[in-house]
Amino acid sequence: GWTGEIHGRVVCDVCADSSVGPEDHVLEGAEVAVLCITKTGEVLNYQAFTDSKGIYRVAETMPASDRWDACLARPISSFHEHCTRLGDSNSGVKFSYNHPSGYSHTVRPFVYRPTNVPTYC
């Protein structure tokens, strides 16, 4: 069979400055949806949650003829007390999946921002 994996991170941009600084942190338990279309046109829907390092993973083993063709990863919610506002241009990431079996596709990080930016920023 063919095996594919998609993974990425979800982070909190505490100062909403679009750069990763010492005040920023990863978000554990954030929900990400990954939708993939296979070579045969079947649509597969995955739901993933980030671990303590802010990383989510989706993996699948299937016949090579049915493998993923294109996918869309999008953040659903952060479940964090303060960091709940999605950063700009973070609605979703579309990508073609053309890796051989056993490889992984890394999606750029999804960024959440606090509703109220702390004063120390």
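The values are calculated or read from the model by the stated rules, or taken from the named source; none is laboratory data. Note that the structure is a prediction, hence the values are computed from the model and not measured. As a convention, Cβ positions derive from the backbone with ideal geometry for all residues, glycine included, and neighbour counts pool all protein chains shown. Ligands, DNA and RNA are stripped out before the accessible areas are found, and what is left, the full protein with its side chains, is counted by its heavy atoms. Shrake-Rupley method; radii C 1.70, N 1.55, O 1.52, S 1.80 Å.
Within the stretch 104-121, being surrounded by fewer than 16 Cβ atoms within 10 Å (Cβ to Cβ) and within 21 Å of Leu35 (Cβ to Cβ) holds for Ser104, Thr106, Arg108.
Can you report the number of residues in the stretch 1-30 which are under 19 Å from Lys94 (Cβ atoms) and either open to solvent by 30 Å² or more (accessible area, probe 1.4 Å) or of a type in the set (S, T, N, Q) (or both)?
We begin by selecting, within the stretch 1-30, every residue under 19 Å from Lys94 (Cβ atoms); these are 4-10.
From the residues that got through so far, the ones that are either open to solvent by 30 Å² or more (accessible area, probe 1.4 Å) or of a type in the set (S, T, N, Q) (or both) too are 5, 7, 9.
Matching residues across the stretch 1-30 total 3.
The single condition among (1) under 24 Å from Cys121 (Cα atoms); (2) touching a helix residue (DSSP H, G or I) at 6+ places or on another chain (Cβ under 7 Å); (3) of a type in the set (Phe, Trp, Tyr) that Phe79 does not meet is (2).
Residue check: is Ser52 small (Gly, Ala, Ser), under 12 Å from Ile6 (Cα atoms) and open to solvent by 40 Å² or more (accessible area, probe 1.4 Å)?
Numbers: small (Gly, Ala, Ser): yes; under 12 Å from Ile6 (Cα atoms): no; open to solvent by 40 Å² or more (accessible area, probe 1.4 Å): yes.
The answer is no for Ser52.
Quick check on Ser18: is it under 19 Å from Thr115 (Cβ atoms), modelled with pLDDT under 95, within 11 Å of the chain's Cα centre (by Cα) and of a type outside the set (Phe, Trp, Tyr)? Can you show your working first?
Working: under 19 Å from Thr115 (Cβ atoms): yes; modelled with pLDDT under 95: yes; within 11 Å of the chain's Cα centre (by Cα): no; of a type outside the set (Phe, Trp, Tyr): yes.
So Ser18 fails the test.
Please find, within the stretch 55-67, the residue that is nearest to the chain's Cα centre (by Cα) out of those that are open to solvent by less than 60 Å² (accessible area, probe 1.4 Å) and among the charged types (D, E, K, R). Give the derivation first.
To start, the set of residues in the stretch 55-67 that are open to solvent by less than 60 Å² (accessible area, probe 1.4 Å) comprises 55-56, 58, 60, 62, 66-67.
Now drop any that are not among the charged types (D, E, K, R), which leaves 60, 66-67.
Values: Glu60: 16, Asp66: 23, Arg67: 20 Å.
Here the residue is Glu60.
For every residue, the table says whether it meets (1) over 30 Å from Gly1 (Cα atoms); (2) at pLDDT 95 or above.
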residue	(1), (2)
Arg57	no, yes
Asp66	no, no
Arg74	no, yes
Phe79	yes, no
Pro114	yes, no
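Just checking, how many residues over the stretch 68-86 are open to solvent by 40 Å² or more (accessible area, probe 1.4 Å) and over 12 Å from Cys12 (Cβ atoms)? Result for the stretch 68-86: 4. Listed residues Ser89, Ser101; which is open to solvent by 50 Å² or more (accessible area, probe 1.4 Å) and at pLDDT below 90? The conditions single out Ser89.
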